[in-house]
Amino acid sequence: MRSWLLLFSCNFMWALQFTCIKLVQDQVGPLFTVWGPMTLATVMLYPLIRLEVKSAEIRDKPSSDILIFLLLAVVGVFPGQVVITWGTRMSLASNAALLMLTLPVSTAFLAFIFLHEKMTPVRWVSFGLAIVGVLMCSDIDFRTLNFGKGYLYGNALIFIGTLGSAFYNSYGKKILERYSPTEMLFFTNEAMFTFIKPLPLPKEPEVLEAIPHYSLRTCIVLTLTTLSDIYL
């Protein structure tokens, strides 16, 4: 039951992110929307990592894990956050919500490839029923959905970002054999921070100057995004 509640909370926070992206897009660029909260989340996670290191047993961790964390950041987190942010700004939040329904199937398919998990007919039927159930409960007004040419580029980016999230969810289980979930999140964020650190300021040079002028809504949204980065 605890695992189901945690998964439900994660899905709720993912849903919140689409709305947050649309709410701050007038004041915050797509790169800083990801880089700013992620930086704060990494700093806030550091004390937890220190406590875990003090209380945990010393384990042998191969240096090749650095490459795995970089791979998770570049192929998983970057598309799952930055690319989805770009796509959502070019499309509709309702489009993004519907496209994200492909995440369970994508994750299951990649888990079959990377983890050799068996996908029985019962599991495939269960995934199909789950998607139908989400559609029925989501109360999406399908008349507002627009997958026309005007949103094609944004929708394509959202789908690519969904595949990145699926890769992170499936391939990331390999690293959990040697690291705790908190360690995995911290080191992945650190790799992601290193990867996108050179991008926000050159691409969005006015970002630091604009911080004192953020509205209360923007500050609240960025705070919620930071908290979701910690828990996700």
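Here are some notes:
- Any hit, the stretch 136-156, residues being aliphatic (A, V, I, L, M), open to solvent by 50 Å² or more (accessible area, probe 1.4 Å) and modelled with pLDDT under 65: yes
- Unique match (being modelled with pLDDT under 80 and of a type in the set (Ser, Thr, Tyr)) among THR162, THR225, THR218: THR225
- Scanning the stretch 93-106 for residues that are closer than 12 Å to THR19 by Cβ and crowded, with 19+ Cβ neighbours inside 10 Å yields ALA96, ALA97.
- Residue count, the stretch 164-183 (criterion: hydrophobic (A, V, I, L, M, F, W, C) and either surrounded by fewer than 20 Cβ atoms within 10 Å (Cβ to Cβ) or not in a helix (DSSP H, G or I) (or both)): 2
- Test: residue in the stretch 14-23 that is of a type outside the set (A, V, I, L, M), free of Cβ contacts under 8 Å to residues at least 60 places away in the same chain and assigned to a helix (DSSP H, G or I): no
- Residue within the stretch 33-48 that is farther than 19 Å from PRO181 by Cβ, surrounded by fewer than 18 Cβ atoms within 10 Å (Cβ to Cβ) and modelled with pLDDT under 80 present: no
- Any hit, the stretch 68-86, residues being modelled with pLDDT under 85, touching a Ser or Thr at 6+ places or on another chain (Cβ under 8 Å) and open to solvent by 30 Å² or more (accessible area, probe 1.4 Å): no
The values are calculated or read from the model by the stated rules, or taken from the named source; none is laboratory data. Predicted model, so just to flag it, every value in this text is computed and none were measured. When we count neighbours, we look across all protein chains shown, and the Cβ atoms used for this are built from the backbone with ideal geometry, even at glycine. These accessible areas exclude ligands, DNA and RNA; they are computed on the full protein's heavy atoms, side chains included. Shrake-Rupley method; radii C 1.70, N 1.55, O 1.52, S 1.80 Å.
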